[in-house]
Amino acid sequence: MSSAVTLRGVSKSYGETLAVSALDLTVEQGEIVALIGPSGCGKSTLLRLVAGLERPDAGTVAVGDRVVAGAEWVPPERRRVGLVFQEHALFPHLSVGDNIRFGLDRQPPPDQDARVREVLDLVHLAHVVDRYPHELSGGEQQRVALARALAPRPEVVLLDEPFSSLDESLRARVRADTVSALRATGTTAILVTHDQTEALSIGDHIGVMRAGVVEQWGRPVEVFERPVSRFVASFMGDADFLPASLVDGGLACELGLVTIRKDVPDAEVVVRPHEVSLRLPAAGVTGAPAVVDRVEYQGPFILHTVRLASGRTVRSWQPHSVRYPVGTEVLASISAGIVPSLLSGDAALAPTPTPTPTAHPDR
Ligand SMILES: Nc1ncnc2c1ncn2[C@@H]1O[C@H](COP(=O)(O)OP(=O)(O)OP(=O)(O)O)[C@@H](O)[C@H]1O
């Protein structure tokens, strides 16, 4: 598979601020990539560098096989890059059809008309071709913006928080329409988002950015289940950190044995709320004694925060039907089949051999 976008050693500063720092990135053709990271980490700057709205101070940017920044400079309008921003940025005085036709001015008018119909069909908005932007809902405007970006058949579409101005239920629908339009046309896309669920659900790859660099690049499951650092573990979902110590069978945290390896005495264990089981004490039930400290109703789940004997707390999602009142004594353990990530300092350790699922240091 050939690359659609390649960045090599790309840096960009604004005065004293290093927005993007010696960054390497390869996006394959047809992929949807989600970039996520805290505010100010350089996500939008990266998109602007690919679009040609900024020039890199160092490094090269290529779109397809063509270098567009670095040794060469190709202006934005000749990069075959489509843009969709948070603010829909449609021309208010042009109809939907003319907004889309705007980027097709080099094609004969009959071809333009056919393409306008085609891209509006893709986003299920053929019926609004003659309306003006103010006659559309926010979600419709965003889908028209996508149609306009797709119309000239770009090599890559860059989407900068395209759904963030939409309310939650609409966002899910527009997101699904966007993904299916991108997939149907095989268009490569780089999407900037603040929303972890969005990144995990639509990215073929996710780049977790921090301070101008991509701290982890991986498939959603890798980024979520095998974070490379404390930062990624805490940024991509809720995580609690428990110190581990050496016991007879390997390395254990307060919730039980986590690995048979013994070579990392100062490790910490990363546990997420869906990985922690809580059960009421009974014969044959094992786990670390804990007391329910806080209970939050979260719709499909009930988040329980429990205090362990050490005074540390961990969170556990319980199904809708289970709600232990504050003060309930429970036994907490890492759910069967879960292999928690381990940290040494701020860096993750490579995946480790697992203990037998029932092992617990207290029993
Ligand atoms: N035109 C500019 N002039 C000066 N500084 C800038 C400019 N654009 C961005 N920056 C700075 O560069 C850094 C990266 O900004 P960027 O907009 O790329 O971050 P971001 O990750 O997209 O943030 P957000 O999620 O808040 O949109 C920030 O510190 C920002 O203040």
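Helix-only mean residue ellipticity at 222 nm, the chain, DSSP H runs n ≥ 4 weighted -39,500 (n - 2.57), per residue, nearest 500. What is it?
So the helix-based figure for the chain works out to -6500 deg cm²/dmol.
Report the gain in length on full extension from residue 238 to residue 295: 0.36 nm times residue separation, minus Cα-Cα distance, nm rounded to one decimal.
Going from the current span to full extension adds 19.0 nm.
Within the chain, what whole-number % of the accessible surface is contributed by carbon and sulfur, with the 1.4 Å probe and all protein chains included in the calculation?
Using a 1.4 Å probe with all protein chains present, the chain comes out at 52 percent carbon and sulfur.
What does the C-alpha gyration tensor say about the overall shape of the chain? Classify as rounded when a/c is under 1.5, otherwise prolate if a/b is larger than b/c, or oblate.
Prolate, since a/c reaches 1.5 and a/b exceeds b/c.
Mind listing which GluC sites (Glu not before Pro) in the stretch 51-108 are in a DSSP loop and have 15 or fewer other Cβ atoms within 10 Å?
For GluC sites (Glu not before Pro) across the stretch 51-108 that sit outside H, G, I, E and B with at most 15 neighbouring Cβ atoms in 10 Å, the list reads 72, 87.
Which percentage, to the nearest 5, of the DSSP beta bridges contained in the chain is antiparallel?
Antiparallel bridges: around 75 percent, rounded to the nearest 5.
Measure nothing fancy, just the Cα-based angle from helix 168-185's long axis to the longest principal axis of the chain, in degrees from 0 to 90, nearest 10.
So the helix axis and the longest Cα principal axis differ by about 60 degrees.
Could you give the length gained on full extension between residue 168 and residue 280, defined as 0.36 nm per residue of separation minus the Cα-Cα distance, in nm?
Here the answer is 36.7 nm.
Helix 138-150 versus the longest principal axis of the chain: what angle, 0 to 90°, nearest 10, using Cα atoms?
Relative to the chain, helix 138-150 is tipped by roughly 60 degrees.
If R0 is 35 Å, what FRET efficiency do you get for residue 77 and residue 57 from their C-beta distance, rounded to 0.05?
Rounded to the nearest 0.05, the efficiency is 0.95.
Looking only at 271, 292, 50, which one moves most when the chain is put into a Gaussian network model with springs between Cα atoms under 10 Å?
Of 271, 292, 50, the most mobile in the Gaussian network model is 292.
Specify the angular offset, from 0 to 90 degrees and rounded to the nearest 10, of the alpha carbon long axis of helix 109-122 from the longest principal axis of the alpha carbons in the chain.
For 109-122 against the chain, the angle is about 20 degrees.
Taking square-rooted eigenvalues a ≥ b ≥ c of the alpha carbon gyration tensor, is the stretch 240-348 rounded, prolate or oblate, where a/c under 1.5 means rounded and, failing that, a/b exceeding b/c means prolate?
Prolate, since a/c reaches 1.5 and a/b exceeds b/c.
Could you pull out the trypsin sites (Lys or Arg not before Pro) across the stretch 238-317 that fall in loop regions by DSSP (anything but H, G, I, E, B) with no more than 10 other Cβ atoms inside 10 Å?
none
Just to be sure I understand the model, the point goes 7 Å from the Cα along the line to the Cβ. What's the resulting residue 29 to residue 94 distance in nm?
2.9 nm
What is the extension gain from residue 336 to residue 118, computed as 0.36 nm multiplied by their sequence separation minus the C-alpha to C-alpha distance, in nm to one decimal?
Net length gain for the segment: 73.5 nm.
Sorted by average packing, counted as other Cβ atoms within 10 angstrom per residue and highest first, what order do 174-182, 317-325 take?
In descending order of packing, they fall as 174-182, 317-325.
So with the 1.4 Å probe, I'd like the accessible area per residue for the stretch 67-170, rounded to whole Å².
50 Å²
The values are calculated or read from the model by the stated rules, or taken from the named source; none is laboratory data. These numbers come from a predicted model, not from an experiment. Reconstructed Cβ throughout: ideal geometry from the backbone, glycine too, with neighbour counts over all protein chains shown. These area figures cover heavy atoms from the full protein model, side chains too; ligands, DNA and RNA do not enter into them. Shrake-Rupley method; radii C 1.70, N 1.55, O 1.52, S 1.80 Å.
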